[in-house]
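This report refers to the structure that appears directly beneath it.
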Amino acid sequence: VAVALLTAGAARAQSVEVQVGRGPHYVGEPIEIDVVAAGFEEEPEPAIEALGADGGRLQLVGVSPSVSSSITIVNGRMTQRRDVTFVYRHRFVGTREGVARIGPFALSQGALRRTAPAIELQVRAVPQSDAVRIALEPPSGPVVVGQKVPLPLELWIDREVQRDLVSYAIDVPLFALPQLRFLDEADPGANTELQVQTDSGTLMLPARSQEIRRDGRRYLVVRAERTMIPLATGTLRADPATVVVDQGTQFRRDLFRQRRATASRKIMGRSEAVELVVREVPRDDRPPSFAGAIGRGFTLEVTADRSVVQVGEPIALSFTLRGDGDLSTAGLPPLDAPGLFDAERFRLPVDPPTGIVDDDGKHFEVTVRVADAGVREIPALAYSWFDAASGRFETTHSRPIALSVGAADVVGAADV
């Protein structure tokens, strides 16, 4: 399918063309859609907008600019030409059988705006079969913002289907929700990978496989797990996860005696739709030393660059926060909060410090000054977090640091 709109300009013509991968197209299978724009200036890059996507999900995957130059000499006269082309790659996944209408597409560069009409695609249904299954296991109860939630994903394939497997495509709409963030960690026990099609490309998840017998059938079960972190409160809904399998029905042997499919059929497995309730951390009984940490087993380590100071001299403190939780959203509480520093005995920074996360935890650097010669230590500092599993706030304390503080000399004009 190609729809082109040509518009004459003062110096050159701009064209916008929509190109779609060859069909037939099926529900749950990604469809490549390219918008090719030519004749625009090299900079700034034109902004693209899809003005509609009915019958599925459309995602801009990326843009590829290209520039070509040519020189032509005719009768001694030289003409130089510079052509700029932008290719905007999209991914469309049909969610229902029938005609899907996509677009129109609009490109803008400064005051210049060009559009290409909408396109229509015929999306076919794929018959569901018990021979393939896809299972997504979201939490059954509410979760809180910032909580790390394990999210298992399982693919079940009948052994007979697996023997004739040509390809498979897994689509998980939950992974595309902007209100969620996902982490993928290494699995030492993984013995295979599970491929999931996402808006940014193919995701290769470490997975474990085993054979299970159920309902008189032998299944190969491939299980992967992602960590889900909600970013906003509310009720999140996502369409079912799907897997579309190409199963070979006729085969031949190639030159190397390898079995090759010459004909195939498509079958689909579908999970349940997902509904996830996300709440904020409770405000009742929230400790003053809580600063967004959610999880369990947090510890706070504090070190000082010196232990012998005069009143008013700076002390550089290093804070290291560790725990089983999303450290990216965890900060330090106000340093003058109850359970931390006494603002009458220490001079504290006004702005909260920015932490840096690495494999060892989250690190903060803070400079304080002793304002009272009677201070004998950096006190044990409280740090609280919310344990989503138990529904309670927990608190830990750092170790105190002994100080030797001398009174500062008062210098008069005569001494100067």
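The values are calculated or read from the model by the stated rules, or taken from the named source; none is laboratory data. For clarity, every value in this text was computed on a predicted model and none was experimentally measured. Positions of Cβ are backbone-derived with ideal geometry, glycine not excepted, and every protein chain shown enters the neighbour counts. Note: areas computed on protein heavy atoms with side chains; ligands, DNA, RNA excluded. Shrake-Rupley method; radii C 1.70, N 1.55, O 1.52, S 1.80 Å.
Could you pull out the chymotrypsin sites (Phe, Trp or Tyr not before Pro) across segment 150-258 that fall in loop regions by DSSP (anything but H, G, I, E, B) with no more than 16 other Cβ atoms inside 10 Å? All intermediate terms of the calculation are to be shown ahead of the outcome.
Working: sites: W156, Y168, F175, F182, Y219, F251, F256; in loops: F256.
The qualifying sites are F256.
I'd like to compare 305-318, 49-62: which one has the highest average count of other Cβ atoms within 10 Å, and what's the full order after that? Please report the intermediate quantities before stating the final value.
Working: 305-318: 14.1, 49-62: 15.9.
Going by the mean number of other Cβ atoms within 10 Å, highest first, we get 49-62, 305-318.
Relative to the compact globular guide of 2.2 N^0.38 Å, what is the alpha carbon radius of gyration of segment 97-175, as a ratio? Expressed relative to 2.2 N^0.38 Å, the Cα Rg reads 1.77.
Restriction of the GluC sites (Glu not before Pro) in segment 152-191 to DSSP coil positions whose beta-carbon has at most 10 other beta-carbons within 10 angstrom yields E185. With contributions of -39500 (n - 2.57) from each DSSP H run of at least four residues, the per-residue ellipticity at 222 nm computed over the chain stands at 0 deg cm²/dmol. In the context of the full set of protein chains, residues of segment 77-151 present 50 Å² of accessible surface per residue (probe radius 1.4 Å, heavy atoms only).
With every protein chain in place and a 1.4 angstrom probe, the accessible-area ranking of K148, K362, largest first, reads K148, K362. In a fully extended conformation the segment linking T367 and S264 would gain 30.3 nm over its present Cα-Cα distance, using 0.36 nm per residue. Converting phi to 3J(HN,Hα) with the Karplus coefficients 6.51, -1.76 and 1.60 and the offset θ = phi - 60°, segment 133-148 yields 9, 10, 10, 10, 10, x, x, 7, x, x, 10, 10, 4, x, 6, 8 Hz in sequence order, with x at every glycine or proline. Considering only alpha-carbon pairs that sit under 8 angstrom and 6 or more positions apart, the relative contact order computed for the chain is 12 percent. For a paramagnetic label modelled on T235 (point 7 Å from Cα along Cα→Cβ), amide N atoms under 20 Å away belong, within segment 272-286, to 272-281. Accessible area of M78 (1.4 Å probe, protein heavy atoms only, ligands and nucleic acids ignored): about 120 Å².
Counting Cα-Cα pairs of segment 175-233 in 10 Å increments starting at 0 gives whole-percent bin shares of 20, 39, 28, 12, 1. Other residues with beta-carbon under 13 Å from the beta-carbon of R376 carry, at +1 per Lys or Arg and -1 per Asp or Glu, a net charge of -2. Sorted largest first, the spans of the alpha carbon positions of segment 107-246 along the three principal axes are 64, 40, 27 Å. Taking 0.692 mPa s as the viscosity and 37 °C as the temperature, the Stokes-Einstein diffusion coefficient of segment 283-393 based on its alpha-carbon Kirkwood radius rounds to 222 µm²/s. Springs between Cα atoms under 10 Å define the GNM used for the chain, and in it the highest mean-square fluctuation of D342, D187, D359 occurs at D359.
Over the chain, the reciprocal of the mean inverse Cα-Cα separation, the Kirkwood hydrodynamic radius, stands at 27.0 Å. Measuring nothing but how far apart in sequence close Cα pairs (under 8 Å, 6+ apart) lie, relative to its length, segment 93-191 scores a relative contact order of 18 percent. Count neighbours as other Cβ atoms within 10 Å of each site's Cβ, and list the chymotrypsin sites (Phe, Trp or Tyr not before Pro) in segment 55-97 that are DSSP loop with at most 15 such neighbours. Here no loop site has a sparse enough neighbourhood. Carbon-plus-sulfur accessible fraction, segment 196-316 (probe radius 1.4 Å, protein heavy atoms only): 42%.
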